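Step one of this worksheet: look at the structure below.
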Amino acid sequence: MEILIVLTIIGILWLISPRKLRRRFITPLAIVLALIVFITSPVTASLINWGLTANLPPDTGEKTDAIVILGRGPELRNRRVEIAEELWTAKRAPIIFISGMLDAREMIEQLTALGVTPTALSGEACSQSTYENAEYTAALLYPQGVRKVLLITDPSHMQRSLRSFQSFGFKVTPSISPLPPQTSSVQSIWLALREYGGLLDYQRRGWFQPVAQAKLEKPDPQILRKFSDWYCVVKGEPKKP
């Protein structure tokens, strides 16, 4: 709305200004603002995000070993919880695992309130990055025989998440949780651009390379020690009467 007002003012100035002033100032300014409007438009946001989601594998409805939710902050929490509960109720997987320092405990409480059996809920509250989401999830679930996961996160984050979890030996089925309706085009574009940067960084670090089978079956002792020292592992508890 603000940009439309600015463009309207510029249009009026263009009409009432001398031709010399139009050529030197008004026209270049209008072109710049028009470019800004296009770059930050919903169309541009859709195109940029399409590049992150176009080649994701489809959800075939196959049953999996676990539903894994990645925490991304309070604003994105509720819809992920709802999707996980729907998938669990549909018996797509017997357990739900939540990964994320700021979200695991809260999401377990929300899922319990929605009626998910507490024994089906667990997670870790120590990971602070997508790589740690995958690494810590693997440290806890892979030794339990979990191989196929339904992975829940937002559209722009899914590509990097999927490749990270695949590197830790999981067969991943994406389950995209949409961004909140109030997310602006500018916010969507920013999230997508950040993910492109994250993909390049992870590729450069070699974090998409497959992790050795021996390491998957016997997790790093330092990670297990961190779980103990930081009280990372969280589990569902029965609802209080």
Yes/no for residue 226 being modelled with pLDDT of 95 or more, in contact with a Lys or Arg (Cβ under 6 Å, 6 or more places away or on another chain) and assigned by TED's automatic domain parsing to the domain that holds residue 98: no
Test for residue 136: is it crowded, with 22+ Cβ neighbours inside 10 Å, modelled with pLDDT of 95 or more and closer than 27 Å to residue 216 by Cβ: yes
Among the residues of the stretch 107-133 satisfying the criterion of being under 18 Å from residue 220 (Cα atoms) and without any contact (Cβ under 8 Å) to a residue 60 or more places away in the chain, which is nearest to the chain's Cα centre (by Cα)? 129
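Results for (1) modelled with pLDDT under 95; (2) surrounded by fewer than 21 Cβ atoms within 10 Å (Cβ to Cβ), shown as yes or no for each residue.
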{"position": "156", "(1), (2)": "no, no"}
{"position": "181", "(1), (2)": "yes, yes"}
{"position": "186", "(1), (2)": "yes, yes"}
{"position": "205", "(1), (2)": "no, yes"}
Within the stretch 221-241, work out how many residues are in a helix (DSSP H, G or I) and either closer than 18 Å to residue 98 by Cβ or in contact with a His (Cβ under 8 Å, 6 or more places away or on another chain) (or both). 3
Determine, yes or no, whether residue 112 is surrounded by fewer than 23 Cβ atoms within 10 Å (Cβ to Cβ) and touching a Pro at 6+ places or on another chain (Cβ under 8 Å). yes
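For (1) surrounded by 13 or more Cβ atoms within 10 Å (Cβ to Cβ); (2) closer than 17 Å to residue 161 by Cβ; (3) at pLDDT 95 or above, each residue gets a yes or a no:
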{"residue": "57", "(1), (2), (3)": "no, yes, yes"}
{"residue": "90", "(1), (2), (3)": "no, no, yes"}
{"residue": "108", "(1), (2), (3)": "yes, no, yes"}
{"residue": "116", "(1), (2), (3)": "yes, no, yes"}
{"residue": "121", "(1), (2), (3)": "yes, no, yes"}
{"residue": "131", "(1), (2), (3)": "yes, yes, yes"}
Go through (1) more than 17 Å from residue 51 (Cα to Cα); (2) under 9 Å from the mean Cα position of the chain (by Cα); (3) not hydroxyl-bearing (Ser, Thr, Tyr) for residue 181 and report which single condition fails. (2)
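The values are calculated or read from the model by the stated rules, or taken from the named source; none is laboratory data. Small disclaimer: the values here were computed from a predicted structure and weren't measured. Cβ: placed from backbone, ideal geometry, glycine included. Neighbour counts: every protein chain shown.
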